[in-house]
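Taking it in order: structure first as structure tokens, then the write-up.
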There are 2 protein chains.
Amino acid sequence: MRPSKKDELVSKALEVFYRDGFHATGMDKLVVETGVSKTSMYKHFRTKEELILAALDLRDTNFRTWFLTRVAELADTPEGQLIAGFDALAEWFEEDNYRGCMFIKACSEFQEVDHPIHQQAARHKQILLDHLTGLAQAAGAKDPDCLGSQMLLLKEGAIVSSVLISSGAPARDAKAAAQVLLDSAVKHQAA
Amino acid sequence: MRPSKKDELVSKALEVFYRDGFHATGMDKLVVETGVSKTSMYKHFRTKEELILAALDLRDTNFRTWFLTRVAELADTPEGQLIAGFDALAEWFEEDNYRGCMFIKACSEFQEVDHPIHQQAARHKQILLDHLTGLAQAAGAKDPDCLGSQMLLLKEGAIVSSVLISSGAPARDAKAAAQVLLDSAVKHQAA
DNA sequence: TCGACTATGTACAGACCGGTACACTTTGAG
DNA sequence: CTCAAAGTGTACCGGTCTGTACATAGTCGA
């Protein structure tokens with residue numbers, strides 16, 4: 001099938017970028033790994049940046065789909081889902097090829113705030129934030145924006161820490177923290 | 001003076017690496033920015049990696065010195081210092097040239113866990129973690145390891161979020177979260 | 001079978017990478 | 001002043017980067 005060819009390239013590029021980084025991955029390496037010719041590659045993507053953006057877009061879709069699905073499997077109340085997110089993270093951290101958050105890395109390598117890659121990463125995080133804020137609101141938190149932001153903080157922190165200390169432990173600590181914050185925010189509401 | 005020349009090179013390299021990233025910064029650019037010749041540069045540092053390690057070492061010293069000093073100025077009890085750390089972060093986020101955490105970026109660009117650069121970054125975080133755990137213990141937390149880890153999680157999360165959304169707001173949310181966690185951990189202890 | 005058109009592969013351009021060879025300038029001892 | 005040792009600047013190495021020109025192979029209507 002023709003259209004899947006491009007998707008296949010993006011998928012493979014995503015894998016290599018995630019594994020080796022953006023600047024450290026040359027188009028030559030991608031050409032070798034995907035098996036297509038350079039010409040074909042540049043037919044589908046005019047520049048490397050366009051390929052990176054496509055890879056990030058795929059990553060955004062994949063990750064959010066996986067995360068939302070997994071969380072929905074683990075819990076069916078807003079409160080439960082906020083907490084379950086950290087169990088999902090813990091599972092992610094245990095994966096063999098876990099290398100941290102691709103969007104954090106993208107922002108590390110492309111730092112200018114107005115860079116398309118930076119902005120795409122920011123968009124991804126914003127969507128997650130909106131989701132968490134929505135859950136916080138549904139859970140009846142006193143200040144949903146604050147609680148949502150805090151949940152995201154804990155998630156980012158857990159991701160970064162898990163990479164830096166090569167351990168899944170941060171997910172557990174983050175989950176415990178989330179529980180305390182959630183209880184506090186909801187209790188405040190009730191009081 | 002001889003030793004200061006090398007320090008000067010490291011200092012300038014640190015600035016450029018922090019601003020532009022590691023892979024994106026070539027030795028040629030550093031040579032131009034520092035004004036020395038390439039030969040001199042390679043007299044002081046045998047490889048680029050050695051220069052990066054020296055820059056990270058300087059960063060480690062500078063950051064920890066600044067952080068500990070600032071926190072000590074802001075509070076003089078363990079509890080107060082745990083919270084004041086987030087005020088210090090907020091000030092950092094407001095700096096003009098703020099670009100996030102250099103060590104997170106280093107790990108993003110050099111992902112192999114056994115890479116010297118990765119390990120040096122991990123060491124930096126470990127020292128911070130030990131410090132925070134110590135404060136948590138002094139504050140009388142029930143589980144100092146957990147609380148210290150959570151404080152670090154919130155810090156990392158705030159740093160990452162502040163970069164991704166280009167705002168200092170995460171520091172405020174992280175501080176609020178830290179206060180709740182601290183109260184909870186200490187109250188548990190008393191109960 | 002032909003011929004126009006599209007997709008692919010190869011080989012290369014021009015710039016830049018980390019790193020070095022070597023000629024040069026400066027310095028200090030005698 | 002002489003001369004060797006140390007420090008400096010320039011020009012360059014092979015390799016790799018992103019991106020392209022061009023020749024070839026495959027496809028489809030007539």
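What translational diffusion coefficient, to the nearest whole µm²/s, does region B:56-190 have by Stokes-Einstein, given a Kirkwood radius computed over alpha-carbon pairs, a temperature of 10 °C and 1.306 mPa s viscosity?
Numbers: Rh = 15.2 Å.
Rounded to a whole number, D works out at 104 µm²/s.
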>> At most 14 other C-beta atoms within 10 Å and a DSSP loop state: those are the exposed GluC sites (Glu not before Pro) I care about. Give me the longest piece of chain A that has none.
In response: A:1-93
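Which of the trypsin sites (Lys or Arg not before Pro) found in region A:20-60 are in a DSSP loop and have at most 12 neighbouring Cβ atoms, other than their own, within 10 Å? Could you put the intermediate results ahead of the total?
On the way: sites: A:Lys29, A:Lys38, A:Lys43, A:Arg46, A:Lys48, A:Arg59; in loops: A:Arg46.
Answer by residue number: A:Arg46.
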>> Given a 10 angstrom Cα cut-off, can you work out which residue in A:Ala176, A:Ala55, A:Ala158 is the most mobile in a GNM of chain A?
In response: A:Ala176
> What Rg and what Dmax come out for region A:1-119 when only alpha-carbon atoms are used, in angstroms?
Replying inline: 16.4, 51
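Which of the residue pairs A:Lys48/B:Lys43; A:Lys38/A:Lys155; A:Lys187/B:Lys175; A:Lys29/B:Lys125; A:Lys48/B:Lys105 have a Cα-Cα distance greater than 29 Å in the structure shown?
Working: A:Lys48/B:Lys43 36 Å; A:Lys38/A:Lys155 38 Å; A:Lys187/B:Lys175 19 Å; A:Lys29/B:Lys125 33 Å; A:Lys48/B:Lys105 21 Å.
As for pairs spanning more than 29 Å Cα to Cα, those are A:Lys48/B:Lys43; A:Lys38/A:Lys155; A:Lys29/B:Lys125.
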> How high is the FRET efficiency between B:Arg123 and A:Ala75 when r is their beta carbon distance and R₀ equals 30 Å, given to the nearest 0.05?
Replying inline: 0.20
>> Need one word for region A:137-191: rounded, prolate or oblate. Basis is the Cα gyration tensor (sqrt eigenvalues a ≥ b ≥ c); a/c below 1.5 gives rounded, then a/b vs b/c decides.
In response: prolate
>> With the alpha-carbon atoms as the only input, what is the per residue convex hull volume for the protein assembly as shown in Å³?
In response: 151 Å³
>> Using +1 at the C-beta of Lys and Arg and -1 at the C-beta of Asp and Glu, which of A:Ile104, A:Ser37, B:Phe86 has the Cα lying farthest in the positive direction of the dipole of the protein assembly as shown?
In response: A:Ser37
> If one computes the Cα centroid of region B:43-102 and of region B:144-163, what distance in Å separates the two points?
Replying inline: 15 Å
>> Give me the dipole magnitude in Debye, nearest 20, for chain B about the Cα centre, with unit charges on the beta carbon: positive for Lys and Arg, negative for Asp and Glu.
In response: 520 debye
> When B:Val10, A:Val31 are ordered from fewest to most other Cβ atoms inside 10 Å of their Cβ, what list results?
Replying inline: A:Val31, B:Val10
> Which distances, in nm and shortest first, link the A:Gly80 label point to the same label point in every other copy, taking 7 Å along Cα→Cβ?
Replying inline: 4.5
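Bear in mind that the values in this text are calculations on the coordinates, not laboratory data. Only a predicted model underlies this, so the values are computations on that prediction, with no experimental measurement involved. Positions of Cβ are backbone-derived with ideal geometry, glycine not excepted, and every protein chain shown enters the neighbour counts.
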